[in-house]
Amino acid sequence: QKEVEQDPGPLSVPEGAIVSLNCTYSNSAFQYFMWYRQYSRKGPELLMYTYSSGNKEDGRFTAQVDKSSKYISLFIRDSQPSDSATYLCAMNDGQGGSEKLVFGKGTKLTVNP
Amino acid sequence: ETGVTQTPRHLVMGMTNKKSLKCEQHLGHNAMYWYKQSAKKPLELMFVYSLEERVENNSVPSRFSPECPNSSHLFLHLHTLQPEDSALYLCASSPTAGDEQYFGPGTRLTVT
């Protein structure tokens, strides 16, 4: 089993839809979770950063972590064509000396006007 | 300039060439990273530097040689590369090793 699983999509939705992006993981020690957005031909951009379980909201974006299920989600409300990008989840255990972020493969999202 | 910058943005090189990629971060961070991104694969961590000291070398072939002269600059020296090394090479930095990372725009490398 891979450490982090993420459906690569592609996912295509109409403008205004609610988008749900998900990752599952196998390492129960993970406690720091990130979502990155990567536009075509650009580097990943940090979108959300959460610690442990619970929800975090930032504008139209909500990150959700369920450690008991080893499942994280990113919700995008009122999606816009400018949200079209690849979304990568990343996580680590935050232990001293652990410099490695483990990334999912990314989900490609297209929001159609 | 702000954030993390990388030069060049595009590079085409032959298998016998020697070239270097440059990364600079303007965020005051203490850790810097090199990643390789290939199509349909997760980001592959190559090297990690913390306070200018290499703390991880993720089984990267010796034809890739990193250099970190100070906490703001990171280089990746390339020599005798293979066509399968063609990819997007991303630099990132973080406040300390293990924190959230901030990426540069990447260098698109093509080996012919």
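Bear in mind that the values in this text are calculations on the coordinates, not laboratory data. Quick caveat: nothing in here was measured; it's all calculated off a predicted structure. Heads up, the Cβs are rebuilt from the backbone with ideal geometry, glycines too, and the neighbour counts pull from every protein chain shown.
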For the cross-link pairs A:Lys42/A:Lys108; A:Lys42/B:Lys19; A:Lys70/A:Lys100; A:Lys100/B:Lys36; A:Lys67/B:Lys40, which exceed 25 Å when the distance is taken from alpha carbon to alpha carbon? A:Lys67/B:Lys40
From the square roots a ≥ b ≥ c of the eigenvalues of the alpha-carbon gyration tensor of chain A, which class results: rounded (a/c under 1.5), prolate (a/b over b/c), or oblate? prolate
Would you mind working out the magnitude of the charge dipole of the protein assembly as shown relative to its Cα centre, with +1 at each Lys and Arg C-beta and -1 at each Asp and Glu C-beta, to the nearest 20 Debye? 660 debye
For a quick check of your reading of the filter: which GluC sites (Glu not before Pro) in the range A:1-80 sit in a DSSP loop and have no more than 16 other Cβ atoms within 10 Å? A:Glu3, A:Glu15
With a point put 7 Å past each Cα toward its Cβ, work out how far A:Lys2 is from B:Lys22 in nm, to one decimal. 3.6 nm
Listed by chain and number, the aspartates and glutamates with an alpha carbon less than 20 angstrom from that of B:Lys18, same-chain partners under 8 positions apart left out, are B:Glu67, B:Glu84, B:Asp85
Considering only the protein assembly as shown, percent of DSSP beta bridges that pair antiparallel, nearest 5: 90 percent
Lone cysteines in chain B, going by a 4.7 Å Cβ-Cβ cut-off? B:Cys68
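Provide the percentage of antiparallel DSSP beta bridges, counting only those with both residues in chain B; round to the nearest 5. Could you put the intermediate results ahead of the total?
Details: 38 of 42 bridges.
Percentage antiparallel, nearest 5: 90.
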Amide H contacts under 5 Å for B:Thr80, placed H, 5+ residues apart: B:Asn17
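Among A:Thr107, B:Thr16, what is the fewest-to-most ranking by other Cβ atoms within 10 Å?
Working: A:Thr107 21, B:Thr16 8.
Ordered by Cβ neighbours within 10 Å, fewest first: B:Thr16, A:Thr107.
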Ellipsoid equivalent to chain B - semi-axes via the Cα gyration tensor, in Å: 22, 14, 13
In terms of the alpha carbon gyration tensor, root eigenvalues a ≥ b ≥ c, rounded if a/c is under 1.5 and otherwise prolate when a/b exceeds b/c or oblate, the range A:1-53 is prolate
The answer for trypsin sites (Lys or Arg not before Pro) in the range B:29-95 that fall in a DSSP coil and have at most 14 neighbouring Cβ atoms within 10 Å is B:Lys40, B:Arg63
